[in-house]
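The values are calculated or read from the model by the stated rules, or taken from the named source; none is laboratory data. Since we're looking at a predicted model, the values are computed, not measured. Here the Cβ positions follow ideal geometry from the backbone for every residue, glycine too, while neighbour counts run over all protein chains shown. For accessibility, only protein heavy atoms count, side chains too; no ligands or nucleic acids. Shrake-Rupley method; radii C 1.70, N 1.55, O 1.52, S 1.80 Å.
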Amino acid sequence: MKSKELRQKFLDFFEAKGHKIIPSAPLIPSELDPSVLFTTAGMQQFKRFYSEPKEAPAMRIATCQQCVRTGDIEEVGDESHLTFFEMLGNFSFNNYGKKEAIEWAWEFLTDQNWLGIDKKRIDATYFDHEKAKKGISIIEDTDLESLAILKTLSGLNKIEAQGEDNFWSLGTEGSPGGPTVEFYIDGVEVWNLVFNEWIFKESHWHSFGVKGVDTGMGLERLIAVLNMEKNVYDTDLFQSIIKKIEELSGKKYQDNQQAFRIIADHLRAATFLIADGVEPSNKERGYIVRRLIRRAIVKAKKLGIENIFVAEIADEVVEIYKDIYSELENKRDNVKQTLQNEEEKFRKTLSLGLKEFEKIKQDLTGQKAFRLYETYGFPLEMTEELAKEQNVQIDKEEFKKAFKEHQKKSRTASVGMFKGGLADSGEETKKLHTAAHLLLAALRQVLGNGVFQKGSNITSERLRFDFSHNEKLTSEQLKQVEDLVNEQIQAAIPVEMTEMGLNEAKKSGAMGVFESKYGDKVKVYTIDGFSNEICGGPHVENTKDLGYFKIVKEESSSAGVRRIKAILK
Ligand code: SER
């Protein structure tokens, strides 16, 4: 069976059972959920509806959700680990419970009108708390209700009791969770049915008193077992990518499976992540994407792919998914450009870095691994992998120490530099920079102290300023803000700078933006009685130099963030 048909079958089945079909949520979870970097499960976008079922858009929902799991990137290359995958799921928010969930799963898997899988291939497991390891935080009820329901499924091959493996939750404070029933086909776990009747709060599980169902089934794995294929890379979702890598490298997949799989998996994930707005960088989500791309490039180089190729793989990914996820097609050019820039940047240093690695591999200290990172852009995890191939281990602690020392040095340096977002230090830019301080203070006066700076970009022509706020500003609010800023300009207030310790600055109530970038000593710019901000400068000496402040545009920048463009006349 092909992926497209299977997705559709699943959604059709649950639609016929009264479920509302909802599109996949983005891979970057909403700002309401800062607990995770990426969407890792279908239930994530619905997390709060288990305890607040009235808020749910429907009591029964089914989805095909894009997911990214980064816990075992290093395992990718075997037959089943994937960074990006799609999860088919059905959900109930205080509507149906265990009986329907289990019986429908069974019907979908075995009924001739649906998947028609031979019942003898299928086993199931349920939660038995006595089998769970002592001391881990789970509930103490064996799920006898599920066991009784499983016993009614005629033809099911085997039922087994399991411990903590059959208890699922996201694992974070406030997450729902519960016992699970899992279906296995030929010994491979394919469907996880979670009964979310509990919530984890203040280190304990509490019963909600409402019924919740969250099921998840990996699409790639399911197609593989349906087609009796050995692994997820044999499915139609990878064929054209693998063919492309064969073309580019002149090598055969059969002889280089691990490298091919890593390239295919990593670049598929990177394509989806970049389409969702992640930029390769050295931090958090961006760092994960960078690692994926760079690891894929190193593997490709070893296969003999010496030219820029990553964007070509992205094209294949878009072709495979564009009918299902139209955003990929819309963002195709952007994604390809981002990938190409990243590849060009990395390829510049890659050969030199690999040569350097050859030189130092016998004595690869953490310090040297850091140098590979700093000078040649080798992520630590990648160097570790190269080292492992040589049976060498790297001292991670030493790497971290070198990393921290480097950070400290660059922080001290950046205090004397201009604040991020400043194009130059010319007179006009300087004025607009001071205006940005007035603007932030004015926005906080008008909209409240929930407003924080989220970014700024200043050229000699205009100021662009992003800040946290949920609603569009009314024209009255905009006028109030403008007036407040202009009042400060007319009042001709001196702009004063004091150097002090970071803690002292915070105590003085100075606003800060990107705290992590500050060193121990900071500059605080004060416009008396109005604004007090930690900042690297530069600024004008007196507000009277600014002229007249005018807001030219107010718009949304991203969820929960507004953007103002302003000029000085
Ligand atoms: N949340 C469960 C999982 O991720 C079932 O959807 O496995």
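Give the stretch 427-441 a look and list any residue that's more than 30 Å from the chain's Cα centre (by Cα), over 15 Å from Ile567 (Cβ atoms) and surrounded by fewer than 24 Cβ atoms within 10 Å (Cβ to Cβ), or say none. If you could, list the steps in order and put the result at the bottom.
Taking the stretch 427-441 first, the residues more than 30 Å from the chain's Cα centre (by Cα) are 427-439, 441.
Among the residues that remain, those that are also over 15 Å from Ile567 (Cβ atoms) are: 437, 441.
If the condition is that a residue be more than 30 Å from the chain's Cα centre (by Cα), over 15 Å from Ile567 (Cβ atoms) and surrounded by fewer than 24 Cβ atoms within 10 Å (Cβ to Cβ), then Ala441 is the only one that fits.
Report yes if some residue within the stretch 24-34 is hydroxyl-bearing (Ser, Thr, Tyr), within 14 Å of the ligand (Cβ to nearest atom) and open to solvent by less than 10 Å² (accessible area, probe 1.4 Å); otherwise report no. No; the residues of the stretch 24-34 include none that is hydroxyl-bearing (Ser, Thr, Tyr), within 14 Å of the ligand (Cβ to nearest atom) and open to solvent by less than 10 Å² (accessible area, probe 1.4 Å).
Scanning the stretch 476-495 for residues that are loosely packed, with under 14 Cβ neighbours inside 10 Å and farther than 15 Å from Ala442 by Cα, we see that the one that is nearest to the chain's Cα centre (by Cα) is Pro494.
Do we find that Thr70 is within 23 Å of the chain's Cα centre (by Cα), more than 12 Å from the ligand (Cβ to nearest atom) and of a type outside the set (D, E, K, R) in this structure? Yes: the conditions hold for Thr70.
From Ser92, Ser137, Ser80, which residue is open to solvent by 20 Å² or more (accessible area, probe 1.4 Å) and over 27 Å from Val232 (Cβ atoms)? Spell out the reasoning first.
Values: Ser92 fails: open to solvent by 20 Å² or more (accessible area, probe 1.4 Å); Ser80 fails: over 27 Å from Val232 (Cβ atoms).
Only one candidate qualifies: Ser137.
Candidates in the stretch 322-336 are the residues that are free of Cβ contacts under 8 Å to residues at least 24 places away in the same chain and part of a helix (DSSP H, G or I); of these, the one that is least open to solvent (accessible area, probe 1.4 Å) is Arg332.
Of all positions in the stretch 144-158, at least one carries a residue that is more than 13 Å from the ligand (Cβ to nearest atom), surrounded by fewer than 16 Cβ atoms within 10 Å (Cβ to Cβ) and assigned to a strand (DSSP E or B).
Name the strands (runs of 3 or more DSSP E) wholly inside the stretch 171-286 in which the number of residues that are away from the ligand (no atom under 16 Å from the Cβ) and either free of Cβ contacts under 8 Å to residues at least 12 places away in the same chain or open to solvent by 60 Å² or more (accessible area, probe 1.4 Å) (or both) is 2 or more.
Passing ranges, in order: 204-207.
Applying the criterion of being closer than 15 Å to Leu267 by Cα and open to solvent by 50 Å² or more (accessible area, probe 1.4 Å) to the residues of the stretch 53-77, the residue that is modelled with the lowest pLDDT is Glu74. Report yes if Thr459 is open to solvent by 30 Å² or more (accessible area, probe 1.4 Å), polar (S, T, N, Q) and over 38 Å from the mean Cα position of the chain (by Cα), otherwise no. For Thr459, the condition - open to solvent by 30 Å² or more (accessible area, probe 1.4 Å), polar (S, T, N, Q) and over 38 Å from the mean Cα position of the chain (by Cα) - is not met.
To keep it simple, each residue is scored yes or no on (1) over 25 Å from His206 (Cβ atoms); (2) not hydroxyl-bearing (Ser, Thr, Tyr).
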residue	(1), (2)
Tyr126	no, no
Gly135	no, yes
Glu145	no, yes
Ile149	no, yes
Ser154	yes, no
Asp165	no, yes
Phe183	yes, yes
Val188	yes, yes
Leu193	no, yes
